[in-house]
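Take a look at the structure set out below.
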Amino acid sequence: MLRRAIQCALRRNLQRIQYGHRFYSEFEAGDILTNRFRVTVLGATGQVGQPLSLMLKQSPLIHELALYDVEGTLGVAADISQVDTGCKVCSFTGPDELDGALRGSRIVLITASGTRTECGVSEEENFLENAKIVQELSVAIHKSCPMALIGVITSPINSMVPIVVETFKKQGDCTPGKVFGVTAIDVVRANTFVAETLGLDPECVFVPVVGGHSGATTIPILSQAKPCNELTQEQIERLTAAIQDADGDVIRAKRGRGIPTLSVAFAATRFAISLARGINGQPSVVECAYVASEVVQEVNYFSSPILIGPDGVMEYLGLPKMSEYENCLLSSAIPILQDDIKRGLYFVHGKPPPIMTSTNTVLLLEGIITQLTGYACPSHIPTEQFLLSPSSLPQQYNTRCSPPPPAVPPDSIKTDVVPYHPFPLGPAGGSMSRGVLAGP
């Protein structure tokens with residue numbers, strides 16, 4: 001019986017390698033005879049939590065799915081439990097049952113959030129409500145399952161990840177490598193948009209995305225798109241803008257009545273499966289995620305390619321080789337990331353939120369000017385002068401597509417670590433992991 005099961009799984013896997021199919025309920029190479037885990041979804045009845053839970057139910061790497069929320073969990077669990085896969089589904093409702101939802105879990109996904117911004121709540125009110133929820137959940141996670149790997153999906157990720165890490169530190173846990181900001185949706189979008197532009201199969205495309213997870217901090221490294229890169233500079237700029245404003249496209253399509261949920265849930269499921277494979281010790285599990293990092297010296301949290309292992313981040317793979325245009329985007333993103341990170345740190349330590357400094361305001365203006373006009377604003381020329389009359393500047397500064405030098409010292413960008421292969425090959429030549437779901 002066992003021999004037949006192994007033969008069937010191997011045959012299905014070979015078919016997937018040959019034809020490129022993805023079935024969530026099937027095994028991928030390396031998934032056979034591995035450990036299976038208990039996974040907890042916090043915020044399981046939300047707009048992201050429900051489709052996320054449904055897709056996780058289909059993974060053979062998960063033996064039990066614990067769904068938690070403040071209300072409505074029983075109905076969602078009853079619905080999902082009818083899906084014909086081997087994963088058991090349990091429901092937990094309210095703070096009194098939070099410990100039961102977490103205890104014994106190896107992976108915890110935080111999707112819980114407060115009132116949505118589309119309901120008329122200001123961005124600051126939404127941040128404070130989400131920050132309070134995430135902080136309370138972090139305390140419970142540390143108490144009930146301190147060894148779990150944590151994926152943070154609640155927005156704004158740039159601030160929420162520092163809140164989780166700092167909350168752990170206040171509890172005496174100084175292992176930030178197990179906390180991940182799930183930015184996989186940015187990679188999924190970049191892969192899709194590049195494939196559409198070049199006429200490729202999206203499942204064969206990989207675009208690393210670095211920086212953070214909000215507008216201008218999302219930096220797709222399109223110059224390193226795999227398997228081929230035939231994009232013109234005009235296409236790169238257009239695709240970058242589309243990737244950075246992908247949330248806005250969905251919100252506008254929904255006429256302001258909703259936010260991206262299904263694609264976010266898909267990407268989060270893909271990332272959760274990568275965590276499970278990393279815990280199992282499978283080699284070459286590479287993802288882009290927003291984590292505590294020193295890849296860029298100016299910020300303590302950054303999204304870049306990482307190697308995932310049993311205890312979380314096994315290795316920081318550094319930044320891919322970047323073009324001049326991408327370095328310009330990184331330069332503009334750093335001050336925004338710094339403020340986002342401070343916002344989270346100040347919340348945990350009870351300090352007032354940071355006020356945008358004049359220096360950061362100037363840097364932001366310079367980034368906006370460069371993207372809108374294509375002109376670089378040299379650091380020794382006042383931004384106001386450049387903004388009012390760029391054509392009056394010396395000829396060497398009045399040039400299209402000439403981004404300013406990066407604010408990040410070159411020595412702090414570990415481009416020598418790369419190139420890395422985004423599709424590590426297994427013994428049989430098949431992709432061992434691209435961070436895909438349980439079937440690719």
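The values are calculated or read from the model by the stated rules, or taken from the named source; none is laboratory data. Just so it is clear, the model here is predicted, and its values are computed rather than measured. A quick note on method: Cβ atoms are made from the backbone with ideal geometry, for glycine too, and the neighbour counts reach across all protein chains shown. Just so you know, the surface numbers come from the protein's heavy atoms only, side chains and all, with ligands and any DNA or RNA stripped out. Shrake-Rupley method; radii C 1.70, N 1.55, O 1.52, S 1.80 Å.
Some observations on this one:
- Under the simplified labelling scheme, the Arg257-Cys204 pair shows an inter-label distance of 4.0 nm, with each label point 7 Å from Cα along Cα→Cβ.
- The alpha carbon centroids of the range 124-200 and the range 247-293 are separated by 10 Å.
- Stretchable slack from Lys170 to Gln235, in nm (0.36 nm times residue separation minus alpha-carbon distance): 18.8 nm
- Cross-link table Lys178/Lys342; Lys57/Lys143; Lys143/Lys170; Lys132/Lys254; Lys57/Lys170; Lys169/Lys351, entries beyond 23 Å C-alpha to C-alpha: Lys57/Lys143; Lys132/Lys254; Lys57/Lys170
- Note on the range 29-111: semi-axes of the ellipsoid equivalent to its C-alpha gyration tensor, largest first and rounded to whole Å, are 21, 14, 10.
- For Val89, residues with placed amide H under 5 Å, excluding near neighbours: Leu65
- The H on the amide N of Thr183, modeled in the peptide plane, is under 5 Å from the matching H of Tyr290, each at least 5 residues off or on a different chain.
- Cα gyration tensor, the range 184-348 - rounded (a/c under 1.5), prolate or oblate: rounded
- Solvent exposure of the range 43-141 amounts to 43 Å² per residue of accessible area, where only protein heavy atoms count and the probe is 1.4 Å.
- Per residue, the solvent-accessible area of the range 184-348 (1.4 Å probe, heavy atoms of protein chains only, all protein chains present) comes to 36 Å².
- Packing-based ranking of 320-333, 198-211 yields 320-333, 198-211, ordered from highest to lowest mean Cβ neighbour count within 10 Å.
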